[in-house]
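The values are calculated or read from the model by the stated rules, or taken from the named source; none is laboratory data. In this text the structure is predicted, and so the values were computed from the model without any measurement. Methodologically, a virtual Cβ is constructed for each residue, glycine included, from the backbone with ideal geometry; neighbour enumeration extends over all protein chains shown. Heads up: the accessible areas ignore ligands, DNA and RNA and are worked out on the full protein's heavy atoms, side chains in. Shrake-Rupley method; radii C 1.70, N 1.55, O 1.52, S 1.80 Å.
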Amino acid sequence: MSRWRVILAWSIGPAAAYALLSLAHAALVERILSVDVGFGRSLAFWVGAIYLALFGWGFLPARPVGRYARRPVIIGLLVLGVVGFVVCGAYTGLWLAGHWVASVGGPVTASMLVVTLAALGVLWLAGREDQRSKPPA
C-alpha cells in the first residue's frame, strides 16, 4: 500500500470516528445538537485530520507494512473518513450559510482553504517521497 494512502486513511479515519462520536454524544446524551454545536464539533475532524496527516508523514516509514497498512484496514478507515467528511462538511456548509458575515465567513473559509491545502501538500510530499525511495528499475 502506498504511503500517501496509508497517511490519508489513518488521518481521516480516526478524525472522523472522533467527530462522529462527538456529534452522537451531543445528540443523544447532551441533547444539544444544533448547527452551531455540529459546526464546532466538526472542526475536530478538519483540524484532527491535518494533525494526524502531519504526524503520519513524519513517522510512517517510506514503505508502510504490517497490520496497520493492510488493505481491509485502509479501506475501512477510508470509508469511515468519507462518512465523516460528508457529515462534517454538511455541518460546516450549513453553519457558513446561516452565519455568513464577511468578517466571519471570510476568515473561516480562508482557514478551511489553508487547512485543505496543507492536507493536500502533506499527501503530495508523502507521494513524492515514495517516488524517491523506489529503487531504479
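For Arg63, indicate whether it is outside any helix (DSSP H, G or I) and out of contact with any Asp or Glu (no Cβ under 7 Å at 6 or more places or on another chain). It is true that Arg63 is outside any helix (DSSP H, G or I) and out of contact with any Asp or Glu (no Cβ under 7 Å at 6 or more places or on another chain).
Checking Gly66, Gly98 one by one, the residue that is open to solvent by less than 80 Å² (accessible area, probe 1.4 Å) and at positive phi is Gly66 and no other.
Of the residues contained in the stretch 49-57, one or more are found to be over 24 Å from Ala90 (Cα atoms), in contact with a Phe, Trp or Tyr (Cβ under 8 Å, 6 or more places away or on another chain) and assigned to a helix (DSSP H, G or I). Only one entry in Ile7, Ile50, Ile75, Ile12 is buried (at least 18 other Cβ atoms within 10 Å of the Cβ) and modelled with pLDDT of 95 or more, namely Ile12. Exactly one residue among Gly56, Gly66, Gly38 is of a type in the set (Gly, Ala, Ser) and either within 15 Å of Ser11 (Cα to Cα) or modelled with pLDDT under 90 (or both), and that residue is Gly56.
Is it the case, given these coordinates, that Leu80 is in contact with a Gly (Cβ under 7 Å, 6 or more places away or on another chain), among the aliphatic types (A, V, I, L, M) and part of a helix (DSSP H, G or I)? Yes, satisfied.
Of all the residues in the stretch 111-137, those that are small (Gly, Ala, Ser), at pLDDT below 80 and open to solvent by 60 Å² or more (accessible area, probe 1.4 Å) number 1. All of Tyr18, Tyr68 fail the test of being in a helix (DSSP H, G or I), among the aromatic types (Phe, Trp, Tyr), more than 15 Å from Ala119 (Cα to Cα) and free of Cβ contacts under 8 Å to residues at least 40 places away in the same chain, apart from Tyr18.
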